[in-house]
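Below: the structure, in structure tokens.
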Amino acid sequence: MNRPTIVLASTSRYRRELLGRLRIAFGVEAPQVDEAPLAGEAPRETALRLAIAKAQEVQSRCPGAVVIGSDQVAEIAGAPLGKPMSHSAALAQLERMQGKKVVFHTALAVAGPGRDALQVDSVPTTVLMRTLPRPALEQYLRLDEPYDCAGAAKIESLGIALVASVESNDPTALIGLPLVRLTAMLANAGIEILSRTEP
């Protein structure tokens, strides 16, 4: 009996590295999805919608696979924080986050096996940011260049120095792929990680 192929629907190197921690064979496909938020859409709902869209779009091209889609949207006081994509935008985000709580909604969708099979969840992480002087923020941005990260901080790197505390039930969610929840979803799809792990 052939086991289903696992495909990560993502262009993110962070998600590829996280999934690689499970030591399983997987393919990577770039999802063709418009990631713009909808008017009036809550950050958590944006993340869920995009995770589902990514997984389903790639599964339409890889119908025999189990496809993993994920998306993350940061939220401060009910408003979304996107990827800054520039130094000035990242600095503005970090200054806005000073001393405040930011919730990172990391959504996960596992499509397959089978066209109608879909598992969806969202794992929130609440981060309390430190209050730091502007030169420290500038130095951080120069060193880490987190311009493709929601909230302009790489928690797995020097971004940890920006943080006062982190609350989550999945330590990998903040980096972009909640592995605790993912392993349970894969088990539901008939894929037990420890029976497939490569040496």
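We did not get these values from a lab; they are worked out from the coordinates using the rules stated. Note that the structure is predicted; figures quoted are calculated from it, not measured. A quick note on method: Cβ atoms are made from the backbone with ideal geometry, for glycine too, and the neighbour counts reach across all protein chains shown.
Please work out the FRET efficiency for the pair Gln98 and Arg61, using the Cβ-Cβ distance as r and a Förster radius of 45 Å; give the result to the nearest 0.05.
Once the sixth-power term is evaluated, E becomes 0.55.
Among Leu8, Leu38, rank each residue by its count of other Cβ atoms within 10 Å, from fewest to most, as a rough exposure measure.
Leu38, Leu8
Report, in deg cm²/dmol and to the nearest 500, the calculated mean residue ellipticity at 222 nm for the chain, where each DSSP H run with n ≥ 4 adds -39500 (n - 2.57) and the sum is divided by the residue count.
About -9500 deg cm²/dmol.
Just how far, in whole angstrom, is the range 29-82 from the range 6-20 if you go by their alpha carbon centroids?
14
Cross-link candidates for Lys100: which lysines have Cα within less than 27 Å, leaving aside residues fewer than 8 places away along the same chain?
Lys100 reaches Lys83, Lys154.
Each residue of the range 8-18 in turn: what ³J(HN,Hα) in whole Hz from Karplus with 6.51, -1.76, 1.60 and θ = phi - 60°, glycine and Pro shown as x?
Per-residue couplings from phi come out as 8, 8, 6, 9, 7, 5, 5, 5, 4, 5, 5 Hz.
On C-alpha positions alone, give me the angle between the axis of helix 87-97 and the longest principal axis of the chain, in degrees, nearest 10.
Taking the Cα atoms of the chain, the angle to 87-97 is about 80 degrees.
What are the residues whose amide H is under 5 Å from the amide H of Leu118, where those residues sit 5 or more places off or on another chain and H is modelled from the backbone?
The list, which skips near neighbours in sequence, is Gly112.
Taking the 0 to 90 degree range and rounding to the nearest ten, how far is the long axis of helix 179-188 tilted relative to the main principal axis of the chain, both from C-alpha atoms?
Roughly 20 degrees, rounded to the nearest 10.
Step by step: find N for the chain, compute 2.2 N^0.38 Å, then divide the Cα radius of gyration by it. What's the final number?
1.05
To check my understanding: the extent here is largest minus smallest coordinate of the Cα atoms along each principal axis. What are those three numbers for the range 122-171, in Å, largest first?
33, 22, 14 Å, listed from the longest principal axis down.
Select from Thr46, Thr172, Thr11 the residue whose mean-square fluctuation is largest in a Gaussian network model of the chain (Cα-Cα springs shorter than 10 Å).
Highest fluctuation of the listed residues: Thr11.
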